[in-house]
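Visitor: Here it is: the structure, laid out below.
The values are calculated or read from the model by the stated rules, or taken from the named source; none is laboratory data. All values derive from a computational prediction rather than experimental measurement. Don't worry about glycine lacking a Cβ; one is built from the backbone with ideal geometry, like all the others, and counts go over all protein chains shown. Please note that ligands, DNA and RNA were not included when accessible areas were found on the heavy atoms of the full protein model with its side chains. Shrake-Rupley method; radii C 1.70, N 1.55, O 1.52, S 1.80 Å.
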Amino acid sequence: MFAYRTTTAQNPAALVEDRTHDEQAAILRPIVRAVVAAMLGESRDHPDVEDCTHEALRRAIEGRARLREGEPMRPWVVGIARHVALDARRSRQRTRARTVAEREDDSSPAIERAVDPSPGPFDQMADAELRRRVFLAVGQLPEGPRTAMTLFHLDGLAYEEIARRLGVPLGTVATWVTRGRKTVALALREVTS
Amino acid sequence: MKKELLPRELVWQPDGHLFDTAIAALADGQDLVSPEAQSHADMCEQCARRIGEEALASLAVREALVEGQAHALVASSRRQPRPLPVGAVMGALALAAAGMAPVIQDLPQWATETTVLAARVSPVLLRGAIAALRGIDSSQVVVVSAASLLVVALASFVASRLAPSRVASAYRSSKEGVVQ
């Protein structure tokens with residue numbers, strides 16, 4: 001059985017420092033696989049998902065030295081998984097575009113048919129704008145969810161520690177974090193629609 | 001000591017899948033659900049997909065908050081100009097005055113000589129400038145314009161190189177400073 005839980009929550013030391021590479025990979029594999037599957041829109045046992053999971057874990061373990069001191073391990077690994085899955089998605093798009101071009105027997109030069117794998121300036125601007133809106137949306141949340149999300153995402157506290165600090169039940173913190181993220185997602189959806 | 005877990009009503013939906021709160025806790029790596037719920041998350045494709053999506057959402061929110069905080073830090077540092085170092089300025093002026101003390105007695109003579117010199121030199125300089133301006137042809141104007149343009153472009157480049165590094169350093173320090 002694999003488990004989504006970790007002994008670390010946001011504390012990387014407990015996760016990585018005292019464990020072998022195999023143990024680290026075993027702990028991180030479920031969440032990495034879930035992220036990749038969500039990104040690719042495939043089931044977890046799809047070969048591409050398995051390949052990307054393996055690649056993401058390899059990069060995470062090999063590049064662990066690049067993790068800054070105090071930076072939480074989990075979001076960093078999820079970020080790598082997202083990056084790897086995004087590359088796989090772009091690769092799929094390229095393959096699809098090539099297939100279509102070959103089918104249409106396009107006589108235009110190959111350079112014109114090539115798909116640029118990197119995000120363009122408009123994508124980068126859109127990402128920056130999205131992050132700005134997320135930040136604003138979090139700022140407009142009621143005090144409880146806003147504080148819980150800030151303590152979790154910025155201060156790196158676990159749910160239990162947040163509950164202790166704010167003097168509220170654990171379930172309330174979990175609900176605040178969940179609802180906070182939902183509200184932010186909803187606000188963004190309204191903006192983009 | 002027994003570990004505190006999320007209450008059952010925040011973990012299970014009536015349809016047998018995991019509730020959003022449990023999904024968020026699992027996606028955030030919080031060990032707050034029962035082994036039974038863990039097993040369900042391992043087996044259920046639908047819940048696993050939701051966990052993946054929630055982990056991505058969590059990451060996106062974290063990145064936005066870290067970046068937004070860095071921008072807020074930079075903006076606030078720009079809004080609050082540094083106070084004028086009055087003490088240092090006064091000290092420097094006092095030091096300069098002390099350094100000038102030996103020549104103060106010669107000041108009237110120096111002023112007279114300088115005035116006479118300026119009166120003699122100014123017409124010569126003026127005539128030279130007028131002659132130089134008359135001698136400039138169109139190609140020289142082009143060269144002067146190009147040189148000015150180059151100076152402006154270099155200044156812009158230097159400014160653009162400096163500005164992002166300040167943002168980046170604030171971003172880095174905010175990440176290192178606040179994220180545990």
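Visitor: When the residues of region A:150-177 are filtered to those that are open to solvent by less than 10 Å² (accessible area, probe 1.4 Å) and closer than 14 Å to B:Glu54 by Cα, which remaining residue is modelled with the lowest pLDDT?
Guide: A:His153
Visitor: To continue, here is another question. Does B:Glu54 satisfy being open to solvent by 40 Å² or more (accessible area, probe 1.4 Å), facing another protein chain (nearest Cβ under 8 Å) and among the acidic types (Asp, Glu)?
Guide: no
Visitor: Still on this structure: Test A:Asp123 against the criterion of being more than 21 Å from the chain's Cα centre (by Cα) and modelled with pLDDT under 80, and give yes or no.
Guide: no
Visitor: Kindly list the number of the only condition in (1) more than 14 Å from chain A (Cβ to nearest Cβ); (2) open to solvent by 70 Å² or more (accessible area, probe 1.4 Å); (3) not in a loop (DSSP other than H, G, I, E, B) that fails for B:Gly91.
Guide: (2)
Visitor: Right, here's the next one. Being open to solvent by 10 Å² or more (accessible area, probe 1.4 Å) and not in a helix (DSSP H, G or I) is the filter here, so list the residues in region B:33-51 that pass it.
Guide: Scanning region B:33-51 gives B:Ser34, B:Cys44.
Visitor: Go through (1) more than 14 Å from every other protein chain (Cβ to nearest Cβ); (2) open to solvent by less than 70 Å² (accessible area, probe 1.4 Å); (3) modelled with pLDDT of 80 or more for A:Ser108 and report which single condition fails.
Guide: It fails just one condition, (3).
Visitor: I've got another one for you. Among (1) in contact (Cβ under 8 Å) with a residue 24 or more places away in the chain; (2) open to solvent by 30 Å² or more (accessible area, probe 1.4 Å); (3) in a loop (DSSP other than H, G, I, E, B), where does B:Leu6 come up short?
Guide: Status for B:Leu6: all satisfied but (2).
Visitor: Give region B:1-33 a look and list any residue that's among the polar types (S, T, N, Q) and modelled with pLDDT of 90 or more, or say none.
Guide: B:Gln13, B:Thr21 - these are the residues of region B:1-33 that are among the polar types (S, T, N, Q) and modelled with pLDDT of 90 or more.
Visitor: Is there any pair linking a residue in region B:47-61 that is over 14 Å from A:Ser43 (Cβ atoms) to one that is of a type in the set (Asp, Glu), with Cβ under 7 Å and at least six apart or on different chains, and which?
Guide: What qualifies is B:Ser58/B:Asp28.
Visitor: Separate question: Among the residues of region A:56-82, how many are away from chain B (no Cβ under 14 Å) and open to solvent by 50 Å² or more (accessible area, probe 1.4 Å)?
Guide: Residues that pass the stated criteria total 5.
Visitor: Further question on the same structure: Test of understanding: among B:Val66, B:Val61, B:Val86, which residue is within 27 Å of the chain's Cα centre (by Cα) and open to solvent by 60 Å² or more (accessible area, probe 1.4 Å)?
Guide: B:Val86
Visitor: While we're looking at this one, here's another question. Among B:Ser34, B:Ser122, B:Ser58, B:Ser39, which is the only one that is under 30 Å from A:Arg132 (Cα atoms) and of a type in the set (Ser, Thr, Tyr)?
Guide: So the residue among B:Ser34, B:Ser122, B:Ser58, B:Ser39 that is under 30 Å from A:Arg132 (Cα atoms) and of a type in the set (Ser, Thr, Tyr) is B:Ser58.
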